[in-house]
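Some notes on the structure that comes next.
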Amino acid sequence: METVKSFLVLALELTVLFIIVSFFIHWIQRYIPFEKMEKFLTGKNRMIGALAAVFFAFITPFCSCSTIPVVVNMLKKKMPFGIVMIFLFASPLLDPTILTIMGVIIGWKVTLIYTVVTSIFSIVIGFTLEYFKLERLVKNVQVSGGKTSEGEGSWREAWKETVDLMKSVFPYLIFGAAIGAIIKGIVPAEWIAGTFHEGNWWMIPIAAVIGIPLYIRISTMIPISHALLVKGMALGPTMALLIGAAGASLPEVVLLNSIFKKQLVALFVASVISIATFSGYMFTLVELGII
């Protein structure tokens, strides 16, 4: 009975938060000058372009797979390779709706550190891949779609987009809430705390690798992560698992294989694992009170 109650409360809380924040984001997107945003992305000042790419990733809430058409469109427009890669890494991880849910469920300090660390790693890795001129590993693809344009909007259109998004995300929210409730009610706290406590530093890279083959939206991982934390799992491996699962997935890797050569796909996966691993160690320092 306690498991059912936990599921209903968590599912209701996630749904309400998602609807409210998604509606606001879709409404405000109508007034963002995306044409000017492209000028920042392609400008001579690379750091401004990098920050613009992170901001663009923030205001375009996509899962890892739906990011790919936008990436293709950016490549077709001959945008700098490093800027495109920054967007590719940051887009599925910096969804404003999910960051809000993360703040409410897990905590705002963790959410702030997560946002900063993810942004920095996305910029560093994006520019590193560009420095080694790995744009040569991009295939000559002709794929349409994925363009985001500025347009006049109203609260009705924002609500319609929110409903459409909710239809696709709601099953994942419910699934995540159900798994989280089951973990809270069934999985032994002693086993989780004993296996995944902060002293087991080697669990962080393992958690990051385990997250990659899981096609789990970050909206699903938030309640699952919360349940694991409640049961005693250390913050480091929990966040490593979350970032690994959200930053890459098998369907996304398959899609990337159609636009990137295998070497670049492998580097992308390795980069996501690196982001998840280093972030995991960063959150371990937070949990220990060092940060």
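No lab work stands behind these numbers, since they all come straight from the coordinates. All values reported here derive from a predicted model rather than from experimental measurement. Note that we place each Cβ from the backbone using ideal geometry, even for glycine, and neighbour counts take in every protein chain shown.
Of note:
- Pairs with C-alpha atoms separated by more than 32 Å, drawn from the list Lys133/Lys167; Lys44/Lys139; Lys5/Lys109; Lys44/Lys262; Lys76/Lys109; Lys160/Lys262, are Lys133/Lys167; Lys76/Lys109; Lys160/Lys262.
- Using θ = phi - 60° and Karplus 6.51 cos²θ - 1.76 cosθ + 1.60, couplings along region 101-107 (whole Hz; Gly, Pro as x): 4, 4, x, 6, 7, 9, x
- Residue exposure sequence - Val16, Val54, Val163 - by fewest surrounding Cβ within 10 Å: Val16, Val163, Val54
- The phi-based Karplus calculation (6.51 cos²θ - 1.76 cosθ + 1.60; θ = phi - 60°) puts the 3J(HN,Hα) values of region 119-130 at 5, 5, 5, 4, 5, 4, 5, x, 5, 5, 5, 6 Hz, whole numbers, x for Gly and Pro.
- All C-alpha to C-alpha distances of region 217-291, sorted into 10 Å bins beginning at zero, yield P(r) values of 20, 41, 27, 11, 1 percent in whole numbers.
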